[in-house]
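The values are calculated or read from the model by the stated rules, or taken from the named source; none is laboratory data. Nothing here was measured: the structure is a model prediction, and the numbers come from that model. Ideal geometry is used to build each Cβ from the backbone, glycine not excepted, and the neighbour counts take in all protein chains shown.
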Amino acid sequence: MKEDCIFCKIANGGIPSATIYEDRYFRVILDISPANMGHALILPKEHFDNVYDMDPEIGSKVFVLAGKVAQCLKEELQCDGINILQNNEEAAGQTVFHFHMHIIPRYEGDAVQMGWQPGKTDQESLAALAERIGEKLQEVE
Ligand code: AMP
Ligand code: ZN
């Protein structure tokens, strides 16, 4: 646990939350300012600032759990779709610096905004960048 981290406190039961699931690794809660009702957050009980320092073993479990939560939200809320997203660093919209994954029920025509303007590029630029990043990725354990 990290001192003064609200999600450490929530994940480990120190602060009450609308919990929908808990196991030894995670607590899943309902977001206090939901994009739509049912907006859920997966919080690991262990503190990681973001995806960069996430433990790979716990990281590999997050998406399995996200799939289960999404399935339940879909069945229970009869939503039309679901977004799963995870923000890293302020520039990407992270406001709570304890890794968490958002699972957001979506409805046709709802007011939730999430997206980008499609950019422009060309095959040459893509290939050059793919090679650069691909080489880097080979070095990552
Ligand atoms: P992010 O912007 O990705 O860091 O997301 C942080 C999310 O945590 C936001 O959607 C907030 O509404 C939510 N949040 C912040 N504090 C609490 C809290 N005490 N209980 C539940 N959700 C919270
Ligand atoms: Zn924390």
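Pairing each residue of region 1-22 that is in contact (Cβ under 8 Å) with a residue 60 or more places away in the chain with any residue that is among the β-branched types (Val, Ile, Thr) and near ligand 1 (Cβ under 10 Å from one of its atoms), provided the two are 6+ apart or on different chains, yields C-beta distances under 8 Å for Ile6/Ile15; Ile6/Val96; Phe7/Val96. The residue of region 62-98 that is nearest to Leu30 (Cα to Cα), among those that are in contact (Cβ under 8 Å) with a residue 60 or more places away in the chain and of a type outside the set (Val, Ile, Thr), is His98. Evaluation of Glu76 against the conditions (1) at pLDDT 95 or above; (2) surrounded by fewer than 18 Cβ atoms within 10 Å (Cβ to Cβ); (3) touching a helix residue (DSSP H, G or I) at 6+ places or on another chain (Cβ under 9 Å); (4) of a type outside the set (A, V, I, L, M, F, W, C) shows that the sole unmet condition is (3). Applying the criterion of being within 23 Å of Ala92 (Cα to Cα) and within 11 Å of ligand 2 (Cβ to nearest atom) to the residues of region 11-49, the residue that is surrounded by the fewest Cβ atoms within 10 Å (Cβ to Cβ) is Asp49. Against the numbered list (1) touching a residue at least 60 places away in the same chain (Cβ under 8 Å); (2) touching a helix residue (DSSP H, G or I) at 6+ places or on another chain (Cβ under 8 Å); (3) among the acidic types (Asp, Glu), Asp31 comes up short only at (2).
Only one of these is surrounded by 10 or more Cβ atoms within 10 Å (Cβ to Cβ), in a loop (DSSP other than H, G, I, E, B) and away from ligand 2 (no atom under 16 Å from the Cβ): Val112, Val96. Name it. Give the steps one after another, and end with the answer.
Working: Val96 fails: away from ligand 2 (no atom under 16 Å from the Cβ).
Unique residue meeting the criteria: Val112.
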